[in-house]
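In what follows, a structure is listed as structure tokens, so that the remarks can point back to it.
The values are calculated or read from the model by the stated rules, or taken from the named source; none is laboratory data. Because the structure is a prediction, the values reported are computed rather than measured. Glycine also receives a Cβ, built like all others from the backbone with ideal geometry; neighbour counts cover every protein chain displayed. All accessible areas refer to the heavy atoms of the entire protein, side chains included, with ligands and DNA or RNA removed. Shrake-Rupley method; radii C 1.70, N 1.55, O 1.52, S 1.80 Å.
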Amino acid sequence: MSRTFRIGIIGCGGIANGKHMPALKNQSNAQMVAFCDIEEHKAREAAEKFGTPDARVYTDYRELLQDGSIDVVHVCTPNDSHADISISALESGKHVMCEKPMAKTAADARRMVEAAKRTGKKLSIGYQNRFRSDSQYLKRLCEDGELGEIYYAKAHAIRRRAVPTWGVFLDEEKQGGGPLIDIGTHALDLTLWMMNNYKPKAVLGTAFHKLSKKENAANAWGSWDPAKFTVEDSAFGMITMENGATIVLESSWAINMLATGEAKTTLCGTEGGADMQDGLRINGEKHSKLFMNQIQLDAKGVDFYDSRGESPADLEARLWLEAIEQDKDPVVTPEQACVVSEILEAIYESSKTGKAVYFNE
């Protein structure tokens, strides 16, 4: 019989309501017993909808962390507070699931890795796109060596006009950046995970503020306020790894491009290739002829993670709690997520200086 985890939610905004709390509600071994938000009504509404009958409500996360009966904390706050809250939670004896990106800065991400090691508590980051059925299938192909050595890849996170105009998304001080750190982070995480390559050598990047100053712009969520748009509208990077493999990362909230799609990867290996541009497609050469197979993901079969027909968010939540209960590494390790943050920061730095950023020099 699995143990029941008592969980506290810190930050009861969009991502908590859209992913974390509904997924935890679907786990038979999870109880949400505490909710915290600087806007008390948000915490109270979350407690009423997702919490136990005696769930407590806080406006200061430090008070929530004083509750020794809480086993796990989910951190769903703006990027600039991820590190301090996560580290405090780890030091108070809680396991921590922190929403992506790991932190606003690479230095903060490294502090989080160190805190997890020091406390012996589990730390994972919310890269839920690893848990999609196409991602699971492709990961298995990569692990089985069917693509061979993956030496070139693209990480795709392109929106034509879909700038998030709510919350603090446009606030560079709170978020640390725009589409690169918001959605580019998912595409990069997915690509590095498929390649199983976390040793970057150099990064060259550019970030643009080309469309952000337009008045009355077309946008999926209504026109943005140019005066408040302090982050980039698009950013791009070329990453070379220590073994010579190369990744091109593209990200945008607003760009004049028709080929859109986010949290997707394209992989090129010595034995085959794969992309997610029109479903999951595998290509290669067999008997001196080229082939392209489109994987039927809706067909009956055994998922890589035995997902039982779960949504990616539900699967993420279940495997996270299993990692704690079975004392094994979570699917997303803090060391992996830290490399993602280091690369993103290097792209921003390269864009500001006009020079490549070299690691380990």
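Being open to solvent by 20 Å² or more (accessible area, probe 1.4 Å) and under 17 Å from the mean Cα position of the chain (by Cα) is a property that SER124 lacks.
Report whether or not THR246 is modelled with pLDDT of 95 or more and surrounded by fewer than 16 Cβ atoms within 10 Å (Cβ to Cβ). Criteria met by THR246. Wholly within segment 69-174, which helices (runs of 4 or more DSSP H) include no fewer than the required count, namely at least 2 residues that are farther than 25 Å from GLN296 by Cα? Result: 82-91, 106-119.
Mind telling me which of the residues ASP278, ASP303 ends up being among the acidic types (Asp, Glu), surrounded by fewer than 21 Cβ atoms within 10 Å (Cβ to Cβ), modelled with pLDDT under 95 and under 24 Å from PRO179 (Cα atoms)? Write out each step before concluding.
On the way: ASP303 fails: under 24 Å from PRO179 (Cα atoms).
After applying the criteria, what remains is ASP278.
All of ALA217, ALA245 fail the test of being over 30 Å from TRP166 (Cα atoms) and touching a Phe, Trp or Tyr at 6+ places or on another chain (Cβ under 8 Å), apart from ALA245. Restricting segment 3-26 to residues that are open to solvent by 10 Å² or more (accessible area, probe 1.4 Å) and in a helix (DSSP H, G or I) leaves a set whose member that is nearest to ASP182 (Cα to Cα) is ILE15. Of the listed requirements (1) open to solvent by less than 10 Å² (accessible area, probe 1.4 Å); (2) under 18 Å from VAL331 (Cα atoms), ALA89 misses just one: (2).
For segment 263-274, state whether one or more residues are part of a strand (DSSP E or B), among the hydroxyl-bearing types (Ser, Thr, Tyr), open to solvent by 10 Å² or more (accessible area, probe 1.4 Å) and touching an Asp or Glu at 6+ places or on another chain (Cβ under 9 Å). The answer is yes; a qualifying residue exists.
Taking the criterion of being within 24 Å of LEU319 (Cα to Cα), open to solvent by 50 Å² or more (accessible area, probe 1.4 Å) and not in a strand (DSSP E or B), the residues of segment 27-68 that qualify are SER28, LYS49, GLY68.
The condition of being open to solvent by 20 Å² or more (accessible area, probe 1.4 Å), within 18 Å of the chain's Cα centre (by Cα) and farther than 26 Å from LEU321 by Cβ does not hold for ARG132. Determine if segment 201-216 includes at least one residue that is polar (S, T, N, Q), farther than 29 Å from GLY11 by Cα and assigned to a strand (DSSP E or B). Within segment 201-216, one or more residues are polar (S, T, N, Q), farther than 29 Å from GLY11 by Cα and assigned to a strand (DSSP E or B). For segment 204-223, does any single residue satisfy the condition of being more than 22 Å from LEU138 (Cβ to Cβ), buried (at least 17 other Cβ atoms within 10 Å of the Cβ) and within 18 Å of the chain's Cα centre (by Cα)? No. Somewhere in segment 342-360, is a residue assigned to a loop (DSSP other than H, G, I, E, B), at pLDDT below 95 and open to solvent by 40 Å² or more (accessible area, probe 1.4 Å)? Yes, some residue in segment 342-360 is assigned to a loop (DSSP other than H, G, I, E, B), at pLDDT below 95 and open to solvent by 40 Å² or more (accessible area, probe 1.4 Å).
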